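Take a look at the structure below.
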Amino acid sequence: MRLAEDVATVDHLRRVGWNSDRAHGLPAHYQGFNIPYVESRDRFLETLEILKKAWTQERFSHKGRYFEFNDVCIMPKPYQKPHPPIRMAATTQDTYALGGRMGFRLFVAPRTVAVSKLERFLAGYHEGRAEAGLAGPGDISVSMPVYVADTDRQAREEAEDSTMHFFRSIGRALAKSDAAAWTNEAREGRAATLGKLTYEEILVEHAVVGSPESVADRLIELREALGFTSFSGWMNPGGQIPNDRVTRSMRLFAERVIPRLN
């Protein structure tokens with residue numbers, strides 16, 4: 001209920017789109033709240049059901065597995081009707097089809113999933129939309145680590161340590177996740193994959209690093225392959241690149257990459 005009111009309030013201030021995510025990348029996010037990770041999908045879907053009721057009905061009641069409300073209402077109602085656009089984050093293959101069937105916009109961050117797998121996963125999103133009778137390709141937003149320097153070599157050298165630190169950290173976090181929270185096969189498989197990735201493999205499958213020309217070429221290639229409608233670049237993957245270099249990367253992206261994408 002608080003989440004529904006918070007989003008609705010911000011919607012009046014700035015016409016928001018709401019990004020929904022059940023933190024399925026790292027099960028440890030649930031352990032701190034003493035919630036079994038195996039409940040994450042059902043809790044997520046029930047929360048979505050409650051939010052849509054709260055946003056679209058003057059008063060509503062709900063009795064589910066995890067939450068129960070009787071004749072309640074939220075204030076204010078959202079500015080956008082019937083409610084702010086919902087964008088679902090997707091990592092596992094079945095989540096793509098689910099998002100399509102529910103008619104949601106999609107948010108994809110290929111950090112634990114290789115770019116080469118995304119095209120196949122996104123096909124499930126489009127199939128899900130078709131099953132639900134929804135026209136058009138849907139709305140797909142992609143977020144990836146991006147780093148730009150004057151030359152390919154300079155960009156790769158400057159981003160290497162920080163980028164490798166990030167992917168190794170994810171691998172270690174997955175490896176330490178409670179085995180009961182996730183299937184051993186899924187947990188250990190992803191942890192092992194991320195732990196063994198070489199920098200060259202990361203540059204091909206998980207990040208976009210290079211000169212302005214190379215970065216623009218790669219993003220155009222990805223847009224054609226994946227059909228994304230918006231892109232979010234993470235300019236300091238790993239958080240260890242000095243601020244002056246990050247600022248320069250952002251300036252090069254704005255001045256020499258974005259014009260080609262437009």
Checklist line | Residues (more than 30 Å from Thr112 (Cα to Cα), touching a residue at least 12 places away in the same chain (Cβ under 8 Å) and either part of a strand (DSSP E or B) or more than 23 Å from the chain's Cα centre (by Cα) (or both)) located in region 81-102 | finding: Pro82
Checklist line | Residues (modelled with pLDDT of 95 or more, β-branched (Val, Ile, Thr) and under 20 Å from the mean Cα position of the chain (by Cα)) located in region 210-262 | finding: Ile220
Notebook entry, point to check: Quick one: how many residues across region 63-80 are in a strand (DSSP E or B) and surrounded by 16 or more Cβ atoms within 10 Å (Cβ to Cβ)?
Noted result: 1
Notebook entry, point to check: What residue, among those in region 2-18 that are within 22 Å of His62 (Cα to Cα) and touching a strand residue (DSSP E or B) at 6+ places or on another chain (Cβ under 7 Å), is surrounded by the fewest Cβ atoms within 10 Å (Cβ to Cβ)?
Noted result: Val7
Check: Only one of (1) within 27 Å of Ile170 (Cα to Cα); (2) out of contact with any His (no Cβ under 6 Å at 6 or more places or on another chain) fails for Thr91. Which number is that?
Finding: (2)
Check: Among the residues of region 82-105, which ones are in contact with an Asp or Glu (Cβ under 7 Å, 6 or more places away or on another chain), within 18 Å of Ser232 (Cα to Cα) and not small (Gly, Ala, Ser)?
Finding: Arg105
Notebook entry, point to check: Which of (1) surrounded by 20 or more Cβ atoms within 10 Å (Cβ to Cβ); (2) out of contact with any Leu (no Cβ under 9 Å at 6 or more places or on another chain); (3) aromatic (Phe, Trp, Tyr) is the odd one out, the single condition Phe44 does not satisfy?
Noted result: (1)
Margin query: Being surrounded by 13 or more Cβ atoms within 10 Å (Cβ to Cβ), free of Cβ contacts under 8 Å to residues at least 24 places away in the same chain and part of a loop (DSSP other than H, G, I, E, B): is that true of Ile35 here?
Written below: yes
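The values are calculated or read from the model by the stated rules, or taken from the named source; none is laboratory data. Fair warning: this is a prediction, and the values are worked out from it, not measured in the lab. Neighbour counts are summed over all protein chains in view; Cβ atoms, including those assigned to glycine, are modelled from backbone coordinates with ideal geometry.
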